[in-house]
Every structure is written in C-alpha cells, then in structure tokens.
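The structure under discussion appears below in the form of structure tokens.
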Amino acid sequence: MDIMNRRRLVILIVIAVMFAALLPISTLTAPEWSVCVLDESGNPAANVLVRESYENYSAEFEGNEEDLYTDTKGCVFFLPKRVRSSLLKRFGAIISSAMGGAHASFGPHSNVTAFQGKQRGDDVRRGLLFTWEGSPAHMSSVLRLQNQ
C-alpha cells in the first residue's frame, strides 16, 4: 500500500470513529417502579405526592424528577426512564462526575420519596435510604409517611 492510500485509510478510520462517537446510545436510567404509600397508622394514603428522582451520572449532566399522586389505594406507577446520549457526551459526563472527587457518582441512580404536608415517606432498607443503581428493571416500594 502506498503512502497516499494509507493516508486515505487513516482519514476514513478517523471519520468513522468520530461518527460513531456521536451516535446516541439508549440506557435505562430509572426502573419501572410501583410505589404504595401508607399513613402513620398503616392505611393506604390517597392523593399523596410521590417524587421519583433519577440521573445517570455517566450519561447526562443534570438530574430529573417526575411527580405523581397516589390513587385511592395509595399507589402510583412510574414508567421506566431511558437516556439517549452519545459516547462523546458520556465521556464528558464521566469526566464531570469524576471532578466530584470522593463524592463522585457514576452510572444510574434513582429513588422515590412521598410528601404530604409536613410528612415524608422514604424508601429505607436495612436502615439506609435506598437508591436504585441499574438493576433490576422493576422495583416495588412501600413508603410510610412520618412527621418531619
């Protein structure tokens, strides 16, 4: 192969890599999530605000939220969330997250919280606030309202 053909090949490879780096890739950022809310007595709590907060720290630069109100049975259902971003944007998001140092987060993170007046209900598991981090694709939570 002569030098001219090598240059063309290198240019074609560089163009192909640049094009591939700009193609969006879709990934799950928050699962399908069933949430039921109970009042302090353990009864279903209707018309309570439930907030799903989610962000993929390796694919986007800011967080997202969705608010739903519980039905008469005290439940809501969040559809799964996906993010579409290119490899180039993902690289930038990872670098941005890494700048957080010891507090850096990577990958998808999602959680749910209920609010009613001065009461709040969190998804607490084993004594810690629960955060979904990529799997499984379906979650179920029961949140109990408590005075804050």
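The values are calculated or read from the model by the stated rules, or taken from the named source; none is laboratory data. A quick note: this is a predicted structure, and the numbers were derived from the prediction, not measured. Cβ coordinates were reconstructed from backbone atoms using ideal geometry, including for glycine residues, and neighbour counts include every protein chain displayed.
Data for the structure
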quantity	calculated
Residue list for the stretch 117-134, filter: in a loop (DSSP other than H, G, I, E, B) and either surrounded by 14 or more Cβ atoms within 10 Å (Cβ to Cβ) or touching a residue at least 24 places away in the same chain (Cβ under 8 Å) (or both)	LYS118, ASP123, PHE130, THR131, GLU133, GLY134
Criterion (assigned to a strand (DSSP E or B), in contact with a helix residue (DSSP H, G or I) (Cβ under 9 Å, 6 or more places away or on another chain) and either more than 22 Å from LEU143 (Cα to Cα) or without any contact (Cβ under 8 Å) to a residue 24 or more places away in the chain (or both)) met by exactly one of SER58, SER85	SER85
Qualifying residue in the stretch 79-92 (condition: modelled with pLDDT of 95 or more and either aliphatic (A, V, I, L, M) or within 18 Å of GLY42 (Cα to Cα) (or both))	yes
Hey, ALA30 of a type in the set (A, V, I, L, M) and in contact with a Pro (Cβ under 7 Å, 6 or more places away or on another chain) or not	yes
The stretch 99-116, residues that are surrounded by 13 or more Cβ atoms within 10 Å (Cβ to Cβ) and not in a strand (DSSP E or B)	SER105, PHE106, GLY107
Leading residue by the ranking (nearest to LYS89 (Cα to Cα)) among those in the stretch 1-54 that are surrounded by fewer than 12 Cβ atoms within 10 Å (Cβ to Cβ) and at pLDDT 90 or above	ASN47
